[in-house]
Amino acid sequence: MKIGGMLLVLLLLSPLPALAAFPSFQALVDATAEGGILTPPAGTYAGPVVINKPMQIDGRNEVTIDGGGKGTVVLLDTDNATLKNLHLTNSGVSHNDIDSGVQVRGKNNVIKDSVIDNCLFGVDLQQSESNVVRRNHISSKPFELGLRGDSVRLWYSFYNKITDNIVEDSRDMVVWYSANNEIKHNKVTDSRYSLHFMYSKTNLVEDNEYYNNAVGIFLMYSDGVVVRNNSITHAAGPTGVGIGFKETSDLMVENNKVLYCASGFYIDMSPFQPDTTNQFRNNLLAYNDIGVRFLNDWRGNTFQQNQFVDNMTPVVVSGRGTANNNVWDDNYWSDYQGFDRNHDGVGDTPHEIYSYADRLWQQVSDAQFFKGSPLLEALDFLERLAPFSKPTLLIRDKTPRMAMLQAMPAAAAKPQKKDALEMLLEAQQ
């Protein structure tokens, strides 16, 4: 009995036989000719994997590559490769090494129709050009929000297309030092920054849906960006922002819906470059705590044909400045109290918003928690009824609309480079 018991213990403590390990996916890649098509048998394979030659890999939604908790699951160190219909999982946890589902270090690659989960970062593109990341479902490790990795990360990368992806429980989608990329038709939920730009010019952001993230879109030092037809809702935390701008110029922001956010638009020293203008056209800002928050007394923004609907406070300027140095024209304001006696659709008198010196919730940060409560609303009413000092004019819209506007056709985006290689790439999608 003692010998049998010892044998049982030895069997339990011994390593699993080699047959229980996943087969190597790298061996299949190495056995595939350059330019070939790899269609592996269904099953789970061991990563990490390095692809350093043009090829196509089609998992037919039956293949999982498990990174084993170390490093990046798939490194695309090549041009003209395609990954599709794969399940990539279990990367390492190093932020310094950017452990990812896929790292891209080339051009004209396609990553599409795949599930990337339990990977710190989703898809990381560094110094990569004209790649496509399309129709993937991406989520990070089950960490606290700030410790997760980014769903898609672009670093010094140009003319890429990030489209039709579903992102959940990641940190940010970031575009740093990158130009002329398209971010379209993506859905991002339960993350930190839905989309964050740093020093990235002339990108296009269109038709995305961002729900229940800490911040919708934030542009920092990123000129010439077009932000169009996006829906940003429920960025409602203490620092929740629908779309934010810091020292960013020459923007076109149009046809966006920003709903139920702490601040709809957050504007900090934008536009920053001399003799530039930021255009805000036909956006719907509704049910936000603040419609437009200016961090400082600034100029150079044009607000035309926007719709401000039932925001608790339509416009705020920190530091008791004014926003009337910007252009406000032809907007709809749900709290406008004028008339339209000639029935031309425009109010007979300008719509004016004033700031009162004793607005407690603006001056004391802790009081913002009680904004909208009966007590602060009563104080706000008394301020307007009998102000202790002359109020500051925040904005004057000389031609306020009496009714909400219909959606307008969007202006043409800045041209994106399109050559024979890109057209060939689109044909593969």
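Against the test of being in contact with a strand residue (DSSP E or B) (Cβ under 9 Å, 6 or more places away or on another chain), among the hydroxyl-bearing types (Ser, Thr, Tyr), closer than 30 Å to Pro271 by Cα and without any contact (Cβ under 8 Å) to a residue 24 or more places away in the chain, the options Tyr177, Tyr156, Tyr211 yield a single qualifying residue, Tyr177.
Condition first: part of a strand (DSSP E or B) and surrounded by fewer than 24 Cβ atoms within 10 Å (Cβ to Cβ). Now tell me which residues in region 162-171 satisfy that. Listed by number, the residues that qualify are Thr163, Ile166, Glu168.
Of all residues in region 120-136, those satisfying the criterion of being outside any strand (DSSP E or B) and crowded, with 21+ Cβ neighbours inside 10 Å are Leu120, Ser128, Ser130, Asn131, Asn136.
Within region 251-263, the set of residues being surrounded by fewer than 24 Cβ atoms within 10 Å (Cβ to Cβ) and among the hydrophobic types (A, V, I, L, M, F, W, C) comprises Leu251, Met252, Leu259, Ala262. Among the criteria (1) within 28 Å of the chain's Cα centre (by Cα); (2) surrounded by fewer than 20 Cβ atoms within 10 Å (Cβ to Cβ), the one Asn52 does not fulfil is (1).
Only residues that are within 22 Å of the chain's Cα centre (by Cα) and assigned to a loop (DSSP other than H, G, I, E, B): list them for region 273-305, please. Once the filter is applied, which keeps residues that are within 22 Å of the chain's Cα centre (by Cα) and assigned to a loop (DSSP other than H, G, I, E, B), region 273-305 yields Asn282, Asn283, Tyr287, Asn288, Asp289, Leu295. How many residues are among the polar types (S, T, N, Q) and either assigned to a strand (DSSP E or B) or surrounded by fewer than 22 Cβ atoms within 10 Å (Cβ to Cβ) (or both) when one looks only at region 172-226? Within region 172-226, residues that are among the polar types (S, T, N, Q) and either assigned to a strand (DSSP E or B) or surrounded by fewer than 22 Cβ atoms within 10 Å (Cβ to Cβ) (or both) number 5.
Applying the selection to region 227-249, what residues are under 22 Å from Met269 (Cβ atoms) and in a strand (DSSP E or B)? Matches in region 227-249: Val227, Ile232, Val241, Gly242, Ile243, Gly244, Phe245, Lys246.
Reported count of residues in region 291-309, each being surrounded by fewer than 23 Cβ atoms within 10 Å (Cβ to Cβ) and either out of contact with any helix residue (DSSP H, G or I) (no Cβ under 8 Å at 6 or more places or on another chain) or under 16 Å from Asn230 (Cβ atoms) (or both), is 8. Filtered by the rule that a residue be touching a residue at least 40 places away in the same chain (Cβ under 8 Å) and either exposed (fewer than 14 other Cβ atoms within 10 Å of the Cβ) or more than 22 Å from Asn278 (Cα to Cα) (or both), region 335-352 gives Tyr336, Gly338, Asp340, Gly345, Val346, Gly347, Pro350.
Is there a residue in region 73-91 that is touching a helix residue (DSSP H, G or I) at 6+ places or on another chain (Cβ under 8 Å) and assigned to a strand (DSSP E or B)? Checked against the condition, which is being touching a helix residue (DSSP H, G or I) at 6+ places or on another chain (Cβ under 8 Å) and assigned to a strand (DSSP E or B), region 73-91 yields at least one hit. Note on region 258-272: residues that are over 21 Å from Asp329 (Cβ atoms) and either part of a loop (DSSP other than H, G, I, E, B) or in contact with a Ser or Thr (Cβ under 7 Å, 6 or more places away or on another chain) (or both) amount to 6.
For Asn325, the conditions (1) farther than 18 Å from Glu206 by Cβ; (2) assigned to a loop (DSSP other than H, G, I, E, B); (3) within 24 Å of the chain's Cα centre (by Cα) are fulfilled apart from (3). Within region 310-334, restricting attention to residues that are among the polar types (S, T, N, Q) and under 11 Å from Ile267 (Cβ atoms), the residue that is surrounded by the fewest Cβ atoms within 10 Å (Cβ to Cβ) is Ser318. Taking residues in region 51-75 that are basic (Lys, Arg), and partners anywhere that are crowded, with 19+ Cβ neighbours inside 10 Å, the pairs with Cβ atoms closer than 6 Å and at least 6 places apart or on different chains are Lys53/Thr78; Lys70/Gly92.
The residues of region 227-250 that are more than 20 Å from Asn181 (Cα to Cα), crowded, with 18+ Cβ neighbours inside 10 Å and of a type in the set (S, T, N, Q) amount to a single one, Thr233.
Any residue at all in region 137-156 that's assigned to a strand (DSSP E or B) and in contact with a His (Cβ under 9 Å, 6 or more places away or on another chain)? No, region 137-156 contains no residue that is assigned to a strand (DSSP E or B) and in contact with a His (Cβ under 9 Å, 6 or more places away or on another chain). Scanning region 65-74 for residues being farther than 22 Å from Asp172 by Cβ and buried (at least 19 other Cβ atoms within 10 Å of the Cβ) gives a total of 2. Residues in region 226-240 that are among the hydrophobic types (A, V, I, L, M, F, W, C) and modelled with pLDDT of 95 or more were compared, and the one that is farthest from Ala214 (Cα to Cα) is Val226. Look at Val316 and say whether it is β-branched (Val, Ile, Thr), more than 22 Å from Thr392 (Cα to Cα) and in contact with a Lys or Arg (Cβ under 8 Å, 6 or more places away or on another chain). Here the answer is no, as Val316 does not meet what is asked.
The values are calculated or read from the model by the stated rules, or taken from the named source; none is laboratory data. A quick note: this is a predicted structure, and the numbers were derived from the prediction, not measured. Neighbour counts are summed over all protein chains in view; Cβ atoms, including those assigned to glycine, are modelled from backbone coordinates with ideal geometry.
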